[in-house]
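Notes to accompany the following structure.
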Amino acid sequence: MSTLMDALDEPQALLLELVWSQFEKAAQFPNFNWVEYQMRAKGYDAAEVIGGLPSIGKPEVRGRYSAIWTESAGSFPQPGNRVCLTMAGLYHTKDRSKTGGIISGVLFFLRTLSEARAQIANHPFDVPDIRVSLSETLSEVSDQAYVASVGMVAEHEWLAMQVHRTEADWTGRLALLNRADFMQIEDYLTAITAVCTEQRTAILTNRNPRALARSITNFDLACELVLKRSLVKKPAISRTVLLGQDATSHTDLVDGISALGILLHELDVPKTRQDPPCGSKRLQPYLEAELPNIDKSRVESATALMDAVRIIRNSDQHPARVAELVSAYELLGLAFPVRDPTAAWDIIRAQMDAAFNTLQDEILAART
């Protein structure tokens, strides 16, 4: 796995500097339309540059993390999507004298979240509120523009912390890290890379051929219980069998992905004339509308994995943009191009098993 501190090539460094220049100037991140225009003028494809950045990720926590965050969640960026720098992005910007203050602010917020989490040790019989306010953490700072800059970076560090923006503040708590007492950004980037590497190893060992069929069934049962409707259209037996069979050749892999893609496409999610035809593409907004209390970040992570399968499946039928296709493979934890179809199919089934299990858990947890 590449590390977030790997040296960037010239186009990648250029894109980061373009984004930083606008953030420094206007205290907000530019949209993809502007970034793409500027990169085209230099002879580069912005989407391909973003897709090629060193990245890490955990399947159940939104997926890909790199120097750039976009609202597309692993799919192809849309013109209006914000293109934002993460801590990894700030690490690679040239002028640390300017970015260093924001980096220090995010690390200080993390240390405060870590201290708050330690309260759990004193509450064996209840659940303390360990959320922390950014404005209270930086209460001694009079420059509110600086506080906002820290918040706008912190809210995209979903591997380390869950940060939510309110009208005038940001609140957060630790996510995957048990402790976050980092003083240097290098230590922080190493820690989140390590926690993702552990997950990637774990999910690659999940090779139970019946697990995916079981998780799909359980997901549908949760939908019937909570949403009062079945979302899974019962597939033909010939396709169902493919989900439990190993892929001994590239043809088997294509057939398996096709069967899975059809199942995702045919998810019986209500739609209007304006909605996308693919059922899994409609799933996230539907669940969020029906279940306001559902964990949106986990639903987004699961549906992003489904969308990656859709992209790969469609690429066998229609030409796909290279950056979009590479991002889909990367999000699933696959090498591109695939050289071992057996291992690739095991990974895809394990990822889809995780995605359906996540959705089942969140649907049940969001019951009112």
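Taking the residues in segment 139-183 that are touching a residue at least 60 places away in the same chain (Cβ under 8 Å) and more than 21 Å from the chain's Cα centre (by Cα) as candidates, determine which candidate is surrounded by the fewest Cβ atoms within 10 Å (Cβ to Cβ).
So, considering only residues that are touching a residue at least 60 places away in the same chain (Cβ under 8 Å) and more than 21 Å from the chain's Cα centre (by Cα), the one surrounded by the fewest Cβ atoms within 10 Å (Cβ to Cβ) is ALA145.
Go through segment 228-272 and give me each residue that's under 19 Å from GLU290 (Cα atoms) and surrounded by fewer than 16 Cβ atoms within 10 Å (Cβ to Cβ).
So the first thing to find is which residues in segment 228-272 are under 19 Å from GLU290 (Cα atoms), and the list is 228-232, 267-272.
Answer for segment 228-272, where residues must be under 19 Å from GLU290 (Cα atoms) and surrounded by fewer than 16 Cβ atoms within 10 Å (Cβ to Cβ): LYS228, ARG229, SER230, ASP268, PRO270, LYS271, THR272.
Here are ALA343, ALA304: which of them is within 28 Å of LEU176 (Cβ to Cβ), at pLDDT 85 or above and touching a strand residue (DSSP E or B) at 6+ places or on another chain (Cβ under 7 Å)?
Being within 28 Å of LEU176 (Cβ to Cβ), at pLDDT 85 or above and touching a strand residue (DSSP E or B) at 6+ places or on another chain (Cβ under 7 Å) holds for just one of ALA343, ALA304, which is ALA304.
What do you reckon, is GLU10 without any contact (Cβ under 8 Å) to a residue 12 or more places away in the chain and either on the phi < 0 side of the Ramachandran plot or assigned by the TED database to the domain that holds LEU159 (or both)?
Here the answer is yes, as GLU10 does meet what is asked.
From ARG282, ARG273, ARG310, which residue is farther than 25 Å from ALA213 by Cβ and basic (Lys, Arg)?
ARG273
For segment 271-291, enumerate the residues that are in a loop (DSSP other than H, G, I, E, B) and at pLDDT below 90.
Residues satisfying the conditions are LYS271, THR272, ARG273, GLN274, ASP275, PRO276, PRO277, CYS278.
The values are calculated or read from the model by the stated rules, or taken from the named source; none is laboratory data. Note that the coordinates shown come from a computational prediction; the quantities given were computed from them, not determined experimentally. Glycine also receives a Cβ, built like all others from the backbone with ideal geometry; neighbour counts cover every protein chain displayed.
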